[in-house]
Amino acid sequence: MIQSMTGYGKSVIQLDTKKITLEIKSLNSKNLDINTRFPGVYREKEIEVRRLIARKLIRGKVDMSFYIESTSDETSTKINAGIVANYIDQLENIRKEGDVLSIAMRLPDVLKTEKEELDEAEWSIIEKGIQEAILSLEAHRSSEGAELKSDFEQRVETLEEKLENVMDLDSERLEQVRERLKKSISELQQTVDENRFEQELIYYLEKLDITEEKVRLNNHLSYFVQELNSEDSNGKKLGFISQEIGREINTIGSKANYAPMQKVVVEMKDELEKIKEQMLNVL
């Protein structure tokens with residue numbers, strides 16, 4: 001089953017002193033591009049998380065955000081009382097006017113932040129939350145992929161119908177070409193060797209023959225549908241198949257030499273272009 005590269009996942013973890021919100025989103029990209037924003041205390045786990053994301057999400061532009069909201073009255077930032085007192089003493093000696101305390105609080109090293117150590121038990125809970133957010137994103141990707149699959153199947157069905165139209169027009173096209181050449185010869189008012197004319201005509205019509213292209217195009221369309229229904233999501237492979245489909249359609253168009261058939265070919269190209277646009281978003 002194909003998956004979209006577009007997705008969004010979220011999980012919320014409530015700990016004793018904080019609430020952690022994890023958000024992860026992905027957009028289409030040729031390769032895997034991971035961008036993470038981790039608070040300082042958890043930064044040592046960033047590489048580990050990036051590896052987990054790479055294993056799970058494979059491809060796409062992935063952004064992961066990590067938000068912390070404190071639910072405790074305690075704070076890791078403390079006032080350095082000794083330094084503040086020293087500043088005040090010095091300021092008192094030179095003060096003329098003004099609030100000594102407000103001046104002192106703006107001076108260097110007044111506030112100190114106590115470094116937090118990573119709690120492995122806490123991280124174990126957070127890691128499960130990250131996995132939940134990734135699972136949520138994967139579910140979103142699968143849902144988007146199901147919609148893409150439905151759209152692709154409909155467009156391939158349209159291409160198959162138009163290929164049948166091409167087949168129906170083929171015999172009529174060759175007869176039109178034959179009649180047009182005969183008319184051109186007759187307008188020359190020249191006597192021609194009928195046998196030689198038939199030989200040249202057969203050679204010319206062989207150049208316009210699209211039997212091989214029709215067979216290959218039909219095979220490519222069947223292969224495309226087969227890959228849509230495979231267990232893996234392989235957008236690159238489907239992209240290669242769509243390129244081959246386009247190659248056969250272009251060849252049919254160059255050989256058509258018949259307006260009704262060329263009109264159908266243009267419609268096929270338009271349908272294929274819509275498939276290629278959507279294909280950019282397939283994992």
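Mind ordering 137-143, 222-228 by average Cβ neighbours within 10 Å, highest first?
On the way: 137-143: 17.7, 222-228: 16.1.
Packing order, densest peptide first, comes out as 137-143, 222-228.
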Query - Estimated vicinal HN-Hα couplings, Hz - region 45-56 in sequence order (Karplus 6.51, -1.76, 1.60; Gly, Pro = x) - result: 9, 4, 4, 4, 5, 4, 5, 4, 4, 4, 5, 8
Query raised in the report: Tell me, what HN-Hα J-couplings in whole Hz come from the Karplus equation 6.51 cos²θ - 1.76 cosθ + 1.60 at θ = phi - 60° for each residue of region 164-169, using x for Gly and Pro?
Result: 5, 4, 4, 4, 5, 7
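Looking at this model, which pairs from K214/K255; K149/K236; K61/K236; K214/K236 are more than 18 angstrom apart at the alpha-carbon? Intermediate results must be reported in sequence, preceding the final value.
Values: K214/K255 12 Å; K149/K236 15 Å; K61/K236 16 Å; K214/K236 24 Å.
In this structure, K214/K236 lie more than 18 Å apart at Cα.
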Report task. Taking amide H positions as placed in the peptide plane 1.01 Å from N, state which residues far from G60 in sequence (5 or more) or on other chains have amide H under 5 Å from it. Result -> S29, N31, L32, D33
Query raised in the report: Which whole-Hz ³J(HN,Hα) couplings does region 266-283 yield from phi under the Karplus relation 6.51 cos²θ - 1.76 cosθ + 1.60, θ = phi - 60°, glycine and proline marked x?
Result: 4, 5, 5, 4, 5, 5, 5, 4, 5, 5, 5, 4, 6, 5, 4, 9, 8, 4
Requested in this report: Tell me which residues come under 5 Å, amide H to amide H, from L15 once H is placed; ignore anything under 5 positions away on its chain.
Outcome: I20
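Report the net charge of residues surrounding G60, where surrounding means a beta-carbon distance below 12 angstrom and charges are Lys +1, Arg +1, Asp -1, Glu -1.
Values: positive: K25, K30, K56, R59, K61, R141; negative: D33, D63, E138, E144.
Neighbour charge sum, excluding G60 itself: +2.
Checking the table K237/K263; K56/K128; K162/K274; K56/K274 against a 21 Å threshold on Cα-Cα, which pairs fail? Could the numbers behind the result be given before it?
Details: K237/K263 29 Å; K56/K128 14 Å; K162/K274 15 Å; K56/K274 29 Å.
Check vs 21 Å cut-off fails for K237/K263; K56/K274.
We did not get these values from a lab; they are worked out from the coordinates using the rules stated. Remember, it's a predicted structure, so these values are computed and weren't measured experimentally. Cβ coordinates were reconstructed from backbone atoms using ideal geometry, including for glycine residues, and neighbour counts include every protein chain displayed.
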